[in-house]
1. For LYS4, go through the aspartates and glutamates and keep the ones whose alpha-carbon is under 13 Å away, minus same-chain ones fewer than eight residues off.
2. Taking amide H atoms as placed 1.01 Å from N in the peptide plane, list the residues 5 or more away in sequence, or in a different chain, whose amide H sits under 5 Å from that of ILE119.
3. If you plug each phi of region 23-39 into the Karplus form 6.51 cos²θ - 1.76 cosθ + 1.60 with θ = phi - 60°, what whole-Hz ³J(HN,Hα) values come out, in order, with x for Gly and Pro?
4. Under 5 Å between amide hydrogens, which residues at least 5 positions from GLU274 or on another chain qualify, with H placed 1.01 Å from N in the peptide plane?
5. Could you tell me the ratio Rg/Rh of region 318-424? Both radii from Cα atoms, Rh via Kirkwood.
6. Using a 1.4 Å probe on the protein chains only, how many percent of the accessible area of region 113-156 belongs to carbon and sulfur?
7. Once the principal axes of the Cα atoms of region 97-179 are found, what is the range along each, listed largest first in whole angstroms?
8. Where the accessible area of region 1-85 is counted over protein heavy atoms with a 1.4 Å probe, how much of it, in %, is carbon and sulfur?
Amino acid sequence: MAEKSFKYVIIGGGVSAGYAAREFSKQGVKPGELAIISKEAVAPYERPALSKAYLFPEGTARLPGFHVCVGSGGERLLPEWYKEKGIELILSTEIVKADLAAKTLVSAAGEIFKYHILIIATGSAVIRLTDFGVQGADAKNIFYLREIDDADKLVQVIKEKKNGKVVIVGGGYIGLELSAALRINNLDVTMVYPEPWCMPRLFTAGIAAFYEGYYANKGVKIIKGTVAVGFNADSNGEVKEVKLKDGRVLEADIVVVGVGGRPLVTLFKGQVEEEKGGIKTDAFFKTSVSDVYAVGDVATFPMKLYNDIRRVEHVDHARKSAEQAVKAIKSNEEGKTIDVYDYLPFFYSRSFDLSWQFYGDNVGDAVLFGDNDPASPNPKFGSYWIKDGKVVGAFLEGGSPDENKAIAKVARVQPPAMNLDLLTKEGLSFACKI
């Protein structure tokens, strides 16, 4: 089969790929130099929409409405944009072999792609219950959400199972956002997760209590401290029951599983240095292999602010790391230098009428401030995390754009805070005066 050769190849067609393409264009990439190889059938899009407006019964998001880079207030890059710029979009193409020494990629169909410089932007794959041999986990109407195809299947089953019973397995990002989206569709929703509270990697017990109470008021049932150990199906092979470890059995017409993801690095195993489950990079996202860069979920990179190395799974970092890598590639070619990546961790979510943002690091002592009554008509509350006498992280629910900027600044500046009682009392005003 014929070879195709490019100066730059991005493997993966998610958020990072789209933002990298835009940066390449800004930096003056020539027609025919850049290719994006994606196993998905569509141009890069803003993945967060899939767990939110894509599933809404009204005001629904659909492509081409949420192609990158609209999620950060930028231009929407339609397939025609790539054509105009001479960027080759190679879609519905899965790479099954990568030889970094030979600078060669091979697709499932046997196509060979050569490159001078490679950006690995393969992202993550969802963890599936079938990976652990959970009984009955291959039944129909058990769903996962990562790509637009997954979301389309969910949209279809929502229509088919009107007013049906849904069991959400997992209490993290996907669990919380999908519980809200499916409840808005008037489905009977039960969340199941093993931890003592939802979103335990970020939320304190105090923060979580608000969301659990709010969801309960919206009619979402929550079962904590147990896991799904099996599924029963009907004669058509469709899921009907979820068996829990504590012996309970839940009726279900639809099951959605959100128990995390794992970075897609298998193609590169043994060829590149790895750390913390990802591909180790420097502050310019350069890997241990010459001319190979890694961005987004797969990159384990130096976090300048905390003087350690981390891997971050979030859309904000997917966008920014891609831009940094392209700037580094182009500046290197021109013999110039750029600043190291200086990332401030940022996470956010929207569900029902709620909207929260978090910046920084959730380590040390936490204080809770504001109105966190789930029954409040306009809840607004937050948390600070204090370590070694400094505020290192900040969370805010219901903040205005200016207030969100204020908590971001607090997390970046890390002002001193010796008196936790005073900090609790001052609450948001502490951030607004920094």
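The values are calculated or read from the model by the stated rules, or taken from the named source; none is laboratory data. Bear in mind that the values here come from a model prediction, so they are computed numbers and not experimental data. Glycine gets a Cβ as well: all are built from the backbone with ideal geometry, and neighbour counts include every protein chain shown. Remember, those area values only see protein heavy atoms, side chains included, never the ligands or the DNA or RNA. Shrake-Rupley method; radii C 1.70, N 1.55, O 1.52, S 1.80 Å.
1. In chain and number order, the partners are GLU33, GLU88, GLU111.
2. Under 5 Å from the amide H of ILE119: VAL9, ILE10, ILE11, TYR293.
3. Working through the residues one at a time gives 5, 4, 4, 4, 7, x, 5, 8, x, x, 7, 10, 10, 10, 10, 10, 7 Hz.
4. LYS280
5. That ratio is 1.11, to two decimals.
6. 48
7. Cα extents, longest axis first: 54, 27, 26 Å.
8. The nonpolar share, carbon plus sulfur, comes to 52 percent.
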